[in-house]
Amino acid sequence: MSALTPSVPARRAARAAWLAVLVLLAGAPALAAAPASVPPAVSPSSAAPPTVTPAPAATPTEALLSALRRARQAEVRGAAVLELVFPPGGTPTRRAAALPHLSAVPGLVRRNYTVTVTPGTVAGRAAWRYALTPTNPLAARWTVWVDRRWNLPLAYQERMPDGRLARRAELLGVTGQPATLPAALPAPAVPAGLRRALLAGLPGLKLPDGFEPLSVRTADTGDTEVLLGDGLNVLALVVSRRSVQPASGVAVRRIGPQSVWLVGNLPQSALQDALSGVRRVNAQAVQALPGTSGPPAASDQ
């Protein structure tokens, strides 16, 4: 990472964009968790789903994806600890009453990660420990622990290639059986046509290896924020009339009245390289970027 010290505006902008990414991924505020001492009650509509003992899968990748697919419908509840090291600022460690949802795009995980599995233990429960190594050597590595009996995540962590922690979430204890979610979470997918439209809006943009645009939103500030992902890792691409100073985890390119930021947990040189070829901003094309309304492709289920 760059040794630059983030300015206050850059740090605030980076954190705001990054937390917006986490909210989009989790479907709920990732750090606005309930106190661990007061776990939410399981309502009658959230009765425990049947216990699942996963059948042997063809590969560790498919075994992990089956657990993450099940986690869109059910969750393990109990005291959990959350730690968000990147971006810096705020309170890095929080408590929660359940493990925050880990969103993954199956097709991109299959394409961009090598997965291995070994035995492990979390919160006193037997687990499978899945280690995910990205094909992009600059991207973060992931580890996910899945309950052997329930086939649901118990913990996960994101680490940089040099081993530094970026984010982790772990159940410290388990309360009862898994609970069914009130509504199933949507299956993430790569929207058809979004990559082509984004490159038309920002000619010269070079997406980091393995990353694809996943969704678009317009912030309250009027900024256009595009979520990029490689299956697990995420970046926030922001087109704004506001300007911030480059900083660790924030690359900025000023083009006329517009600024393009790329925020995320990649080395500074990789973030800068992605924006270095952008010569103009097609504002009309950027504002017309398609959303994520169509059904996911079968490979992304």
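Checked against the criterion of being within 20 Å of ALA97 (Cα to Cα) and either at pLDDT 95 or above or among the aliphatic types (A, V, I, L, M) (or both), segment 136-145 has at least one qualifying residue.
Selection of segment 253-270 for residues being surrounded by 17 or more Cβ atoms within 10 Å (Cβ to Cβ), without any contact (Cβ under 8 Å) to a residue 60 or more places away in the chain and not polar (S, T, N, Q) yields ARG253, VAL260, LEU262.
State whether one or more residues within segment 232-241 are more than 20 Å from PRO106 (Cα to Cα) and modelled with pLDDT under 90. Yes, that holds for at least one residue. Identify, please: which residue in segment 123-146 is part of a strand (DSSP E or B) and touching a helix residue (DSSP H, G or I) at 6+ places or on another chain (Cβ under 8 Å) and is, among those, nearest to LEU271 (Cα to Cα)? In this case the residue turns out to be PRO134.
Against the conditions (1) at pLDDT below 95; (2) over 19 Å from GLY210 (Cβ atoms); (3) crowded, with 20+ Cβ neighbours inside 10 Å, GLY89 satisfies every one except (3). Scanning segment 125-142 for residues that are small (Gly, Ala, Ser), buried (at least 18 other Cβ atoms within 10 Å of the Cβ) and in contact with a strand residue (DSSP E or B) (Cβ under 7 Å, 6 or more places away or on another chain) returns ALA127, ALA140.
Counting the residues of segment 120-135 that are on the phi > 0 side of the Ramachandran plot and of a type in the set (Phe, Trp, Tyr) gives 0.
The values are calculated or read from the model by the stated rules, or taken from the named source; none is laboratory data. Keep in mind that what you see is a predicted model, and the values were worked out from it rather than measured. Neighbour counts run over all protein chains shown; Cβ positions are idealised from the backbone, glycine included.
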